[in-house]
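*Asks:* I'd like to ask you about the structure that follows.
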Amino acid sequence: MLEKLTKLLIIAGYACLFSGPLYIHQPVAADEAKKAADGFDKPYGFYVNPILAAVKANDDQRKKITAIVEELRPTIEPLRKKFKEKQSTFLSGMTTGASAEDLLCSQRELSQIRGEINDQYLLMRLRIRKLLKPEQQIAYDDFLSSKGWLKKHPAK
């Protein structure tokens, strides 16, 4: 009975771990074969130029938005690397039959790191939104939605 419960906890933890990152960081209509399990298929800052183009940012906005992204790089990039390392350890433990306690501990660490990363990206998005005009904010939301980073609610 304890063995079945342990296996169930491992499977549930594994499912919870990867369903969140895929939802948060993957394009909504992306081809399943192209989805990366960790959600970090592009380097940090990759989307700055597409965002600037989508919102039709003026030169001043371009400088300020790029500065925001670069300002948060020293915080976000190490978290992304740490997440990848911990994820690798977790997956290795899953395949080698690590104890349930070790796997749950690894899963908690991954969840905590994921939360920190999400907090930093939210901070970045909020700071960028402050620089945009209302029509640019709509274009920004549309861009974020197209990447699966923001769920747009239908207009009421």
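The values are calculated or read from the model by the stated rules, or taken from the named source; none is laboratory data. On a predicted model such as this, the values are computed, not experimentally measured, just so you know. As a convention, Cβ positions derive from the backbone with ideal geometry for all residues, glycine included, and neighbour counts pool all protein chains shown.
*Asks:* Please specify each residue of region 127-142 satisfying the condition of being within 20 Å of the chain's Cα centre (by Cα) and either farther than 12 Å from Ile51 by Cβ or among the β-branched types (Val, Ile, Thr) (or both).
*Replies:* Of everything in region 127-142, those that are within 20 Å of the chain's Cα centre (by Cα) and either farther than 12 Å from Ile51 by Cβ or among the β-branched types (Val, Ile, Thr) (or both) turn out to be Arg127, Ile128.
*Asks:* Please tell me if Glu116 is free of Cβ contacts under 8 Å to residues at least 40 places away in the same chain, under 18 Å from Gly45 (Cα atoms) and out of contact with any Asp or Glu (no Cβ under 6 Å at 6 or more places or on another chain).
*Replies:* It is true that Glu116 is free of Cβ contacts under 8 Å to residues at least 40 places away in the same chain, under 18 Å from Gly45 (Cα atoms) and out of contact with any Asp or Glu (no Cβ under 6 Å at 6 or more places or on another chain).
*Asks:* Could we say that Leu22 is closer than 22 Å to Asp142 by Cβ, modelled with pLDDT under 85 and assigned to a helix (DSSP H, G or I) here?
*Replies:* yes
*Asks:* Listed residues Ser111, Ser106; which is among the hydroxyl-bearing types (Ser, Thr, Tyr) and surrounded by 17 or more Cβ atoms within 10 Å (Cβ to Cβ)?
*Replies:* Ser106
*Asks:* Now, a different point. Pull out all pairs, ordered by first then second residue, where Cβ-Cβ is under 9 Å, the residues are six or more apart or on different chains, the first lies in region 132-149 and is under 22 Å from Asp41 (Cβ atoms) and among the small types (Gly, Ala, Ser), and the second is in a helix (DSSP H, G or I) and at pLDDT 90 or above.
*Replies:* Filtered contacts from region 132-149: Ser146/Ala54.
*Asks:* In region 59-107, what residues are touching a residue at least 24 places away in the same chain (Cβ under 8 Å) and more than 21 Å from Tyr44 (Cα to Cα)?
*Replies:* Phe90, Met94, Ala100, Leu103, Leu104, Gln107 - these are the residues of region 59-107 that are touching a residue at least 24 places away in the same chain (Cβ under 8 Å) and more than 21 Å from Tyr44 (Cα to Cα).
*Asks:* Out of curiosity, is Leu110 out of contact with any strand residue (DSSP E or B) (no Cβ under 6 Å at 6 or more places or on another chain) and touching a residue at least 40 places away in the same chain (Cβ under 8 Å)?
*Replies:* The answer is yes for Leu110.
*Asks:* Moving on to the next point. Could you list, in sequence order, all residues of region 126-138 that are part of a helix (DSSP H, G or I) and surrounded by fewer than 17 Cβ atoms within 10 Å (Cβ to Cβ)?
*Replies:* Answer for region 126-138, where residues must be part of a helix (DSSP H, G or I) and surrounded by fewer than 17 Cβ atoms within 10 Å (Cβ to Cβ): Leu126, Arg127, Arg129, Lys130, Pro134, Glu135, Gln137, Ile138.
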